[in-house]
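Shown next, in structure tokens, is the structure this report addresses.
The values are calculated or read from the model by the stated rules, or taken from the named source; none is laboratory data. Bear in mind that the values here come from a model prediction, so they are computed numbers and not experimental data. Note that we place each Cβ from the backbone using ideal geometry, even for glycine, and neighbour counts take in every protein chain shown. The accessibility values were calculated without ligands, DNA or RNA, using every heavy atom of the protein model including side chains. Shrake-Rupley method; radii C 1.70, N 1.55, O 1.52, S 1.80 Å.
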Amino acid sequence: MIRFISLRLFRAALTVLAVMTFAFVVLRMSGDPAQVLLGPDVPQNVIDDFRADWGLDKPLWRQYLAYLGAILTGDFGLSMRGGAPALDLVLERVPATLILTIPALFLKLSIGIPAGIYAALHRDSTIDRGVIVLAILGFTVPSFVMGLVLVLIFSIQLGLLPSGGFGTWLHAILPALTISVGGIGLLARFSRSAMIEVMGQPFIRTASAKGVKWRDVVWGHALPNAAVPIVTIVGFMVGSLIAGAVVVETIFSWPGIGRLLIVSVSNRDLAVVQCILLLIAAVMVCSNLIVDLLYGWLDPRLRAQPAH
Amino acid sequence: MSLVTPTETAPHRVVTLPRKRRIPLAVAAGLGWLALMVICAVFADLIRPYDITQMDLSARLSPPGTPGHWLGTDELGRDVLSRLFQSVRVSLVIAFGATIISAVFGTTLGFLAAQFRGIIEHLVVMLADFQAALPFLIMSLAVLAFFGSSMILLVGLMGFYGWERYARIARGLAISAGAQGYAAAVVQLGATPRRVYLNHILPNVASTLIVSMTLTFPEIILMESGLSFLGLGVQPPDTSLGNMVGFGREYLTTAPWIMLGPAVVIMFTTLSISLVGDWLRDKLDPTIR
Amino acid sequence: MSFLLEADDLVRVYTGRGGLLGKAQPVRAVDGVSLRLGRGETLGIVGESGSGKSTLGRMLLGVDPAQGGTVRFDGRPMPARNTTEWRALRARMQMVFQDPLAALDRRLTIAAQIREPLDIHRIGTEASRATRVTELMHAVGLRPDQAKRFPHELSGGQRQRVVIARALATKADMLVCDEPVSALDVSIQAQVVNLLRMLQKQTGLSMVFISHDLKVVRNLCDRVAVMYLGRIVEEGPSEHLFANPRHPYTQALVSSVPEPGRRLDGRVILQGEPPNPAKRPPGCAFHPRCLRATDICRSGIPALQPLGTDRTAACHLVAGETRAEVA
Ligand SMILES: Nc1ncnc2c1ncn2[C@@H]1O[C@H](COP(=O)(O)OP(=O)(O)O)[C@@H](O)[C@H]1O
Ligand SMILES: [Mg+2]
């Protein structure tokens, strides 16, 4: 067990390092930030000064080491626009994103999983068919289309809800709904197939043949076994709490991480983009780690197995 | 409460068999729609009434149904229908190219991991870990924003989407075939690894891989349209489905048809592929998730 | 007479994962086996499941790597695995598997699979390969109209015939059959064994026949080696060994075969757990199950000792008896 955990921790650390390297490579190799930020008509000495200030004149590997060292000490650099610490800028936006994504996560879990399980237990009924169709619709409609359609209906046609911006809780309804639709569909579909698979296993049939109450068969035997694949999806959703709202925040002009990312990316604000990428990856890696450990707990057989 | 009597669960097969015999209506509709889309994409140049950049400033924002512009025009008086045909072509080409790249890349890595194990296997796992850590949209966003968006880069980038799915499948099936199955037998006959993988393992895993492709394809369409919607995918003057929705968004109140046409096409296309994919999976490979 | 195959001190260790801590636990599946196989000879290898027969069979073919020991084929050392020479040598040594369905590619026709070794080793022309396939199908008793069939359309016995035909396609000198009939219906087993015997007589190939079915081994093989937990415990000509087994394990195996005309009360019944190579007992590995085990059996590992001119056995007690006889 200790070996298992330390192996997973090592892999997680390696992954974060890979993401840091990716961020560095993409952001530094793709062009001279000095040129982009200062514009084309700036005299050479200004550019040189700027590059010296930001350490852009050193060899690349020195920049890389300095970058890794700085991150390890918690220094994510200053925004190249405005000069505020990048980490502060980013963390400032986290609550706004979570205001959307956490309620959306609850919606996904509380609708998607029960719907999927209900459909699995009433296989081939009308409700099952309905759940399948809605589920497929849910995740085949892109979030930007869903968002715009909701705006069209609820803001423009009915005038019930604001079409964008940040303020009262009314502003959060449409974006949160938009985010949750795809996840509900995905979870419903996954829970349904996981449940159907488990229900077809011999031990479930044995249990019900032995006269175990139907309710106990479902709750005591089938659900715990169907949990493993469902946990994977939920883990992924928890991991994307920060990253899952980029498109939706853009549609609804919501001042969260996603908007900040889009704005910083178009401004080529290296420090801020780097910081966001790392934050997203860190959250994702942590939730993957937790899912892995949960697996070990849910299914001891997996502990002794190699990576795949 | 008698739902799980053995007769209910055991004849899994009995329940599904009659379904397999004929193509269900929804799947047939999906296939029809996909055929239509492919025709649009292939013959886009022939069937579109106007050039996609041809402006008609006197007919700006004409609503659908206007004679000559059956789906209306956009803010510059360009014909929405013509642009839609071109968008279908661009989006399908990107998704198709990317799906193939991803399948080839992933399958190759999976086979390499199965053949050499050890270090290569660890590298593949690391790469997959990395991809699981950064949502694909975010990674693409960073790359496209900083390297600029070109068609080649876009297809190449999307080609990394979903490779780990193929890699996992290909590796798993190759290992089990090699452990005691036909692959071990063929190796023992003196076949080269090339022959074993190309003549034996690949044909055997092909149906599973094709089913996976029907999962990846709509996801790539959604990814590309999302990026294009954000302005980081296909760049004007060329157009794609997501890009049309993105630009049409500003006219949501005054001219919703600009954005609704492509939105509907995206929905129907991804929906059709998902339906057809589900059906194919039932038919070809009941073991895959 | 030089031997076709000479194996010396073969060792195969599997390092599987085990236990909660994931600590690797080495399993010595084959533990110092030496064998000789003459030209045209049929050697049986018997033993309970898990005794390392399949592993040994694959090592004799050079398919499984050896952690120790050497295999010489036709006087030359076995080339390294997956080299060009190794692959070329496959044309001369072939294998017949326990599960013919698993050994066949379910997407290719019977004819294509029988033909495959010819394609791989580039033997003959298009036309001659097709002729050879027809010839082989006839030789193993398949109907010509089955050429275009797929494996799942045949019965188990027919599939095994396909595997045998494929193994014979390149006119190999040696065939390793790993429990070729144990997955088949009892009614089919004799047919396939007879086919193997007939083909062996016709072509004069050497054969290693792995089985846990002593009756089959007895009427097919010239010589027999008995394996227990990765080691050969007794070896000798088939007739003598079965008529007069010396090692207590062989005695138990032989007496467990029901035979008409023999009373059941004299049977030595194998007791205790089946062997587990991960938990190998010290001393003679068989001692926990041996009725005659003494102190020396619990401490010292017995070596294979010659018993007369053509037999060997690895047992402290048998060695003692022989010495006593000689003295
Ligand atoms: N690929 C493998 N990995 C790990 N252990 C193995 C492997 N193959 C066989 N073994 C172990 O080696 C021992 C001998 O196996 P095998 O050669 O198949 O014996 P037999 O054919 O006599 O039943 C068994 O205990 C088995 O568990
Ligand atoms: Mg065996």
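Could you work out the per residue convex hull volume over the alpha carbons of region A:74-162, in cubic angstrom? Kindly include the intermediate steps, with their values, before the conclusion.
Numbers: hull volume 15.2 nm³, N = 89.
Looking at region A:74-162, the number lands at 170 Å³ per residue.
Using a 1.4 Å probe on the protein heavy atoms, what percent of the accessible area of chain A belongs to carbon and sulfur?
On the way: 9670 of 14340 Å².
About 67 percent, which is the carbon plus sulfur part of the accessible surface.
Extent of the protein assembly as shown along each principal axis, from alpha carbon coordinates, in Å, largest to smallest?
So the extents along the principal axes, rounded to whole Å, are 116, 65, 63.
How far is the Cα center of region B:206-247 from the Cα center of region A:202-273, in Å?
Here the two parts' Cα centres lie 22 Å apart.
Over the alpha carbons of region B:141-289, what is the largest minus smallest coordinate on each principal axis, giving the biggest first in Å?
Principal-axis extents of the Cα atoms in region B:141-289, largest first: 70, 36, 19 Å.
How large is the Rg to Rh ratio of region A:48-90 when both quantities use alpha carbon positions and Rh follows Kirkwood? Could you put the intermediate results ahead of the total?
Details: Rg = 11.0 Å, Rh = 11.1 Å.
My calculation of the ratio gives 0.99.
Let me see the P(r) profile for region A:227-293: every Cα-Cα distance counted, bins of 5 Å, each bin given as a percent of all pairs.
Bins of 5 Å from zero give 4, 18, 23, 19, 16, 10, 7, 2, 0 percent of pairs.
Taking the square root of 5 times each eigenvalue of the Cα gyration tensor, what semi-axes in Å does the equivalent ellipsoid of region A:132-246 have, largest first?
On the way: eigenvalues 296, 40, 31 Å².
Output for region A:132-246: semi-axes of 39, 14, 12 Å.
Per residue of region C:194-200, what does 6.51 cos²θ - 1.76 cosθ + 1.60 with θ = phi - 60° give for ³J(HN,Hα)? Whole Hz please, x for Gly and Pro, Karplus curve as stated.
4, 4, 4, 4, 5, 5, 5
Taking only the Cα atoms of chain C, how large is their convex hull per residue, in Å³? Intermediate values should be presented prior to the final figure.
Numbers: hull volume 54.0 nm³, N = 327.
Once divided by residue count, the hull of chain C is 165 Å³.
Report, ordered by chain and residue number, the aspartates and glutamates lying within cross-link reach of residue A:58, taken as a straight Cα distance under 14 Å and ignoring same-chain residues fewer than 8 apart.
Reachable aspartates and glutamates: A:32, A:48, A:49.
For region B:22-62, which chymotrypsin sites (Phe, Trp or Tyr not before Pro) are in a loop by DSSP, counting at most 16 other Cβ atoms within 10 Å? Don't skip to the answer; put the middle values down first.
Numbers: sites: B:33, B:43, B:50; in loops: B:43, B:50.
In loop regions of region B:22-62 (DSSP not H, G, I, E or B), the sparsely surrounded chymotrypsin sites (Phe, Trp or Tyr not before Pro) are B:43.
Only four residue types carry charge here, +1 at the Cβ of Lys and Arg and -1 at the Cβ of Asp and Glu. Report the dipole size of chain B about the Cα centre in Debye, rounded to the nearest 20. Kindly include the intermediate steps, with their values, before the conclusion.
Numbers: 20 positive and 17 negative charges, 219 e Å.
Value, rounded to 20: 1060 debye.
Lysines within cross-link reach of residue C:215: Cα-Cα under 26 Å, excluding same-chain residues under 8 positions apart?
Output for residue C:215: C:53, C:201.
Residue by residue through region B:102-108, what is 3J(HN,Hα) from phi via Karplus (6.51 cos²θ - 1.76 cosθ + 1.60, θ = phi - 60°)? Round to whole Hz and write x for glycine and proline.
Going residue by residue, I get 4, 5, 5, 4, x, 5, 4 Hz, with x marking Gly and Pro.
What residue among A:208, A:171, A:237 has its Cα farthest toward the positive end of the dipole of chain A, where the charges are +1 on Lys, Arg and -1 on Asp, Glu, each on the Cβ?
A:208
Considering only DSSP states other than H, G, I, E and B, which chymotrypsin sites (Phe, Trp or Tyr not before Pro) in region A:217-255 qualify as loop sites with at most 14 other Cβ atoms within 10 Å? Walk me through the numbers on the way to the answer.
Numbers: sites: A:219, A:236, A:252; in loops: A:252.
Answer in residue order: no site qualifies.
Tell me, what does the Kirkwood hydrodynamic radius of region A:82-131 come to in angstroms if you use every pair of distinct C-alpha atoms? Can you show the working numbers first?
Working: mean 1/r = 0.0728 Å⁻¹.
After inverting the pairwise mean of 1/r, the radius is 13.7 Å.
Where in region B:54-157 are there chymotrypsin sites (Phe, Trp or Tyr not before Pro) that are in a DSSP coil and have at most 15 other Cβ atoms within 10 angstrom of their Cβ?
Working: sites: B:70, B:85, B:96, B:105, B:111, B:116, B:130, B:136, B:146, B:147; in loops: B:70.
When the chymotrypsin sites (Phe, Trp or Tyr not before Pro) of region B:54-157 are filtered for loop state and at most 15 Cβ neighbours within 10 Å, B:70 remain.
In terms of modelled amide H atoms, which long-range or inter-chain residues lie less than 5 Å from the amide H of residue C:4?
Correct list: C:37, C:38, C:39.
Once both axes come from the Cα atoms, what is the angle between helix B:25-42 and the longest principal axis of chain B, in degrees from 0 to 90, rounded to 10?
The two axes meet at around 60 degrees.
Go through A:119, B:34, B:191 and say which Cα lies farthest out towards the positive end of the charge dipole of the protein assembly as shown; charges sit on Cβ, +1 for Lys and Arg, -1 for Asp and Glu.
B:191
How tilted is helix A:44-53 with respect to the longest principal axis of chain A? Cα atoms for both, answer in degrees (0 to 90, nearest 10).
It works out to around 50 degrees.
Consider just the alpha-carbon atoms of region A:86-304 and return their Rg together with their Dmax, both in angstrom.
Reported Rg and Dmax, both Å: 20.1, 67.
Report the Cα centroid-to-centroid distance between region B:40-61 and region C:46-118 in angstrom, as an integer.
Each part reduced to its Cα centre gives a spacing of 65 Å.
Could you work out the longest stretch of chain A that avoids the trypsin sites (Lys or Arg not before Pro) located in DSSP loops with at most 14 other Cβ atoms within 10 Å? Don't jump to the answer; show the numbers that get you there.
Details: sites that count: A:210, A:213.
The longest such stretch corresponds to A:1-209.
How big is the Cα convex hull of region B:57-165 in projection, averaged over all directions, in nm²?
Working: hull surface 36.1 nm².
Taking the Cα atoms of region B:57-165, their convex hull projects to 9.0 nm² on average.
Give the long-range amide H neighbours of residue C:305: residues separated by 5 or more places, or on another chain, with amide H under 5 Å away, using H modelled in the peptide plane at 1.01 Å from N.
Residues meeting the criterion, in which the H sits 1.01 Å from N, are C:313, C:314, C:315.
Would you give the gap between the C-alpha center of region C:222-258 and the C-alpha center of region C:124-151, rounded to a whole Å?
Rounded to whole Å, the Cα centres lie 39 Å apart.
May I ask for the angle, rounded to the nearest 10°, between helix B:12-21 and the longest principal axis of chain B, with both axes built from Cα atoms and the value confined to 0 to 90°?
So the helix axis and the longest Cα principal axis differ by about 50 degrees.
Could you please report the charge total around residue A:217, scoring K, R as +1 and D, E as -1 over all other residues with beta-carbon less than 10 angstrom from its beta-carbon? Could the numbers behind the result be given before it?
Values: positive: A:205, A:210, A:213, A:215; negative: A:216.
Within the 10 Å Cβ shell, the charges total +3.
On the first, second and third principal axes, largest extent first, how far apart are the outermost C-alpha atoms of chain B in Å?
Sorted largest first, the three principal extents are 74, 53, 40 Å.
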